[in-house]
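The values are calculated or read from the model by the stated rules, or taken from the named source; none is laboratory data. Quick caveat, the model's predicted, so the values are computed rather than measured. Here the Cβ positions follow ideal geometry from the backbone for every residue, glycine too, while neighbour counts run over all protein chains shown. Note: accessible area is taken over every heavy atom of the protein model, side chains too, but ligands, DNA and RNA are not part of it. Shrake-Rupley method; radii C 1.70, N 1.55, O 1.52, S 1.80 Å.
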Amino acid sequence: MDTDVLVVGAGAAGLALGVDLARRGVRALVVERDGRLFPGSRGKGIQPRTMEVFDDLGVGDAVRAAGGPYPVGMIWRDGERVGEHAMWDPAESEEGSPYHEPWMVPQWRTQEVLFARLVELGGRVAFGRELTGLAQDAEGVTAGFADGTTVRARYLVAADGGRSTVRRLLGIGMTGETVDPNPVLVADVRISGLDRDHWHIFPGAEGEGFLSLCPLAGTEDFQVSAQMPAAAEEGRPAIDLSLAGLRAVVAARSHLEPADVTEVRWASDFRPRAALADRFREGRVFLAGDAAHVHSPAGGQGLNTSVQDAYNLGWKLAAVLSGAAPEGLLGTYEEERRPVAAAMLGLSTRIHRGETRRGEATRQLGLGYRASSLAVETRTAPPAGALRAGDRAPDGVRGGIRLFDAYRGPHWTLLVVGEAPAPAELPGVRTVRIPSYGAYGDGAFLIRPDGYVGWAGPTAEGAGAYAAGVGLGAGGGGAARS
């Protein structure tokens, strides 16, 4: 085998998966059709749950340093400021997470941070590698490229975007709908004459699409978003993405002069749609990120859902590749992630259509896998509102121990809360004991490497049998790297 895992696509999902596999000692190669990382800002909102993931992957501080908080919206009409608009419902600080509000980081910068971490861990990205064919057998996958070369891998992960070549080659359909018949122009530009303390919104007159100018944290750029006429995609001239075209749109819909737009750094257009792959797996090939689900960007869910796909799949691939876990563990990837992706697609669509606000659900802290076959709850009567198997394990400090510090890394954690008897040592598991903590309820909890409760019981008895079934012991978590 040339590699254990071939990851097709160096976007946020592909790079996050590469990082997770590299820190587990898994041989992985990320290939990217283009000659560079994606240069645009499109997926700029990092939700609190994804910030928790980034913290575990070792890039939390770098992502924080690369961005900033979202500014308040400023509504303009006829060249006058008419009022502020909160872009997100406020969130109350809580002990369960160190992150409460979305953090703005342009997508290109997030990917640079992940790429740097991957290189630091000894991972690889091969640019200019366009996949043109693949074949599977009982032992692995052979991928063919436009330059005539091939790569042989035990597993392949398609993270190659909404127009996924891998998905097309596999014949996997996408089921969905057009969210809005009007295409949207999105670009990164330099603008003079606007403050950077607000997200500037120009609702547009009757029959005219909106314009928004959002200062991109950590840069000197603004992200332009503009709803364009549907006719532009129906035989009429294509949307003009040049400097002159951007100047015309901004000047027509705001009080700014054409010359106030001084530079275009990246520009694109798309028609908002929501679509879900009919399945997330075909044999030894998995779909992740936009290859599996395509969102309207309105809810700030697409990149976040994509990163969390990778976070769910990475530890499972490592456990199976090490020989410790049964191959059936990989079946839980689609079982867990496809319902989450479907829910986030619905949320994104409702936000795009103005049917709901950006609020608690968009932060993704409440997502979990209670219905998963990996969620085993053995307590007969957990306290009302207490954590259950399948839930995200919250942060907190008890007995001088910060839980996220204990969970950080590629290992499993056995958390014993309250007065439960001391458990027997489990191979490959870090054991932590804390005083009673209401968010959990007394008992014992096996915390998965991706921060969800796999098993919960009144005592640690029975945890060992569960652990053996998911490949713990004998190096089931993969080799850890700091």
Residue match in segment 194-207 (condition: in contact (Cβ under 8 Å) with a residue 12 or more places away in the chain, buried (at least 21 other Cβ atoms within 10 Å of the Cβ), part of a strand (DSSP E or B) and over 28 Å from the mean Cα position of the chain (by Cα)): yes
Conditions (1) assigned to a loop (DSSP other than H, G, I, E, B); (2) open to solvent by 50 Å² or more (accessible area, probe 1.4 Å): number failed by Pro382: (2)
Whichever residue in segment 438-470 is more than 23 Å from Ala384 (Cβ to Cβ), in contact with a Gly (Cβ under 8 Å, 6 or more places away or on another chain) and not charged (D, E, K, R) and, among such residues, is surrounded by the fewest Cβ atoms within 10 Å (Cβ to Cβ): Tyr466
Which numbered condition Leu114 fails, given (1) at pLDDT 95 or above; (2) loosely packed, with under 14 Cβ neighbours inside 10 Å; (3) outside any strand (DSSP E or B): (2)
Close pairs (6 angstrom Cβ cut-off, 6 or more residues apart or separate chains): free of Cβ contacts under 8 Å to residues at least 24 places away in the same chain and of a type outside the set (Gly, Ala, Ser) in segment 73-92, surrounded by fewer than 17 Cβ atoms within 10 Å (Cβ to Cβ) and part of a strand (DSSP E or B) anywhere: Val82/Ile75
Residue satisfying condition, being in a loop (DSSP other than H, G, I, E, B) and open to solvent by 10 Å² or more (accessible area, probe 1.4 Å), within set Gly346, Gly368, Gly390, Gly331: Gly368
Per-region count, segment 139-162, residues closer than 19 Å to Ala310 by Cβ and open to solvent by 10 Å² or more (accessible area, probe 1.4 Å): 5
Conditions (1) open to solvent by 30 Å² or more (accessible area, probe 1.4 Å); (2) of a type in the set (Lys, Arg); (3) closer than 30 Å to Thr142 by Cβ: number failed by Arg167: (1)
Single unsatisfied condition, Arg33 versus (1) closer than 16 Å to Leu317 by Cβ; (2) surrounded by fewer than 21 Cβ atoms within 10 Å (Cβ to Cβ): (1)
Candidate set from segment 455-474 (those that are over 27 Å from the mean Cα position of the chain (by Cα), part of a loop (DSSP other than H, G, I, E, B) and among the small types (Gly, Ala, Ser)); member that is modelled with the lowest pLDDT: Ala474
Hits in segment 165-181 - residues which are touching a residue at least 60 places away in the same chain (Cβ under 8 Å) and either of a type in the set (Lys, Arg) or in contact with a Gly (Cβ under 8 Å, 6 or more places away or on another chain) (or both): Arg167
Cβ-Cβ under 9 Å pairs, at least 6 apart or on other chains, segment 123-146 side within 11 Å of Glu32 (Cβ to Cβ) and in contact (Cβ under 8 Å) with a residue 12 or more places away in the chain, far side of a type in the set (S, T, N, Q) and in a loop (DSSP other than H, G, I, E, B): Arg129/Thr149
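Per-residue answers, yes or no, for (1) part of a loop (DSSP other than H, G, I, E, B); (2) modelled with pLDDT of 95 or more; (3) under 30 Å from Glu130 (Cβ atoms); (4) open to solvent by 20 Å² or more (accessible area, probe 1.4 Å):
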| position | (1), (2), (3), (4) |
| --- | --- |
| Phe54 | no, yes, yes, no |
| Asp61 | no, yes, no, yes |
| Met74 | no, yes, no, no |
| Asp89 | yes, no, no, yes |
| Arg109 | no, yes, yes, yes |
Residues satisfying the stated conditions in segment 422-433, i.e. open to solvent by 80 Å² or more (accessible area, probe 1.4 Å) and within 14 Å of Gly457 (Cα to Cα): Ala422
Positions within segment 1-30 being assigned to a loop (DSSP other than H, G, I, E, B), open to solvent by 10 Å² or more (accessible area, probe 1.4 Å) and at pLDDT 95 or above, in sequence order: Gly11, Gly25, Val26, Arg27
Close pairs from segment 8-20: first within 14 Å of Leu313 (Cβ to Cβ), partner charged (D, E, K, R), Cβ under 7 Å, at least 6 apart: Val8/Asp160; Gly9/Glu32; Gly9/Asp160; Ala13/Asp309; Val19/Arg117
